[in-house]
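Student: Here it is: the structure, laid out below.
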Amino acid sequence: MLNKENLILPYYSNIEIKKESATIRLNSMKKAWSFYGDVFTKIADITNVPVELLFCFGMVESGKFMAQGKSPGWINEKTGQERNYLGVMQISPIFADDRLLNNRKDYSKEEKIFISQNFGLVGEAIALDDTQKLKIYDKKAVSNKLFTKQEMAKTPQNIFLGAQMIISLLKQKWAIVGNKVLLERVIVGYNAGPGKAVSSGATAQTPLQILGNPNLPLESKNYIRVFLGNGGYLNLWKLHFEK
């Protein structure tokens, strides 16, 4: 379980994004919060991940869906194909299988209760630390067969898994200095993968250096801008949601 006490989540006023889009983003945030705010708050309480961090990641990943009261399903509406990344937090089945099983020794009591109630027989075995059953599930996880995509796309479960991804990134030695979260690095890890964050050199760079890093995809750089920039999601949260 993450210890969020005194964590500083900065945005950067020197990272500019389209000013005219700030109003659109804010309206989208308000609509999304009206549909899913209770769920984000619940998962934040269970996992101890700051709710603004969870919500802002969700907004970048699928804010347009959430503003319509929808969660991206396991089927691509345009192509009819199954999605590789699921739900409001855009989680991969591979991550879900690996994280839920391999992190089972670290879950808090609250997290175990949620897992047991929301992830079927596998979740019950994880919560009870049923060694015999877990050996069977460990073998299934190799073939990515623990959970259906339908299960993983459900909003509470999906946000919980998103929180677990954030926790795994925040535990990296390059993610927090003192009590300041280096969110630009965490964002690259979430979007491009922790391996890419390290191999690209982003885990040793400042926000502006990352934005100029030729080894990172444009998608990751735009993710940082809309998340951390002036008029981005975290800035708007601090201005309009933070109590």
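The values are calculated or read from the model by the stated rules, or taken from the named source; none is laboratory data. Here the structure is a predicted model, which means the values were calculated and not measured. Counting neighbours? That spans all protein chains shown, and the Cβs are built from the backbone with ideal geometry, glycine included. Surface areas here come from the heavy atoms of the whole protein model, side chains and all, with no ligands, DNA or RNA. Shrake-Rupley method; radii C 1.70, N 1.55, O 1.52, S 1.80 Å.
Student: Consider Ser200 against the criteria (1) among the small types (Gly, Ala, Ser); (2) open to solvent by less than 20 Å² (accessible area, probe 1.4 Å); (3) in contact with a helix residue (DSSP H, G or I) (Cβ under 6 Å, 6 or more places away or on another chain): it satisfies all of them except one. Which criterion is unmet?
Tutor: All conditions are met except number (3).
Student: Take the range 66-116 and flag every residue that is among the polar types (S, T, N, Q) and within 20 Å of Asp138 (Cα to Cα). Break it down stepwise before answering.
Tutor: Taking the range 66-116 and keeping what is among the polar types (S, T, N, Q), we get 68, 71, 76, 79, 81, 84, 90, 92, 102-103, 108, 116.
Selection gives Ser92, Asn102, Asn103, Ser116.
Student: So how many residues does the range 37-49 have that are among the hydroxyl-bearing types (Ser, Thr, Tyr) and surrounded by fewer than 22 Cβ atoms within 10 Å (Cβ to Cβ)?
Tutor: 1
Student: When you scan the range 209-225, do you find a residue that is more than 21 Å from Ser92 (Cα to Cα), outside any helix (DSSP H, G or I) and either open to solvent by less than 70 Å² (accessible area, probe 1.4 Å) or touching a helix residue (DSSP H, G or I) at 6+ places or on another chain (Cβ under 6 Å) (or both), even just one?
Tutor: yes
Student: Could you go through the range 58-65 and let me know if any residue there is modelled with pLDDT under 95, open to solvent by 30 Å² or more (accessible area, probe 1.4 Å), under 29 Å from Arg185 (Cβ atoms) and of a type in the set (Asp, Glu).
Tutor: No.
Student: Report yes if some residue within the range 66-89 is aliphatic (A, V, I, L, M) and open to solvent by 50 Å² or more (accessible area, probe 1.4 Å); otherwise report no.
Tutor: yes
Student: On to the next question. Please work out if Glu52 is in a helix (DSSP H, G or I), open to solvent by 20 Å² or more (accessible area, probe 1.4 Å) and over 20 Å from Ala153 (Cβ atoms).
Tutor: Considered against the rule, which asks whether it is in a helix (DSSP H, G or I), open to solvent by 20 Å² or more (accessible area, probe 1.4 Å) and over 20 Å from Ala153 (Cβ atoms), Glu52 comes out as yes.
Student: Separate question: If I go through the range 15-49 residue by residue, how many of them are closer than 27 Å to Leu169 by Cα, among the polar types (S, T, N, Q) and either free of Cβ contacts under 8 Å to residues at least 40 places away in the same chain or part of a helix (DSSP H, G or I) (or both)?
Tutor: Total satisfying the criteria: 3.
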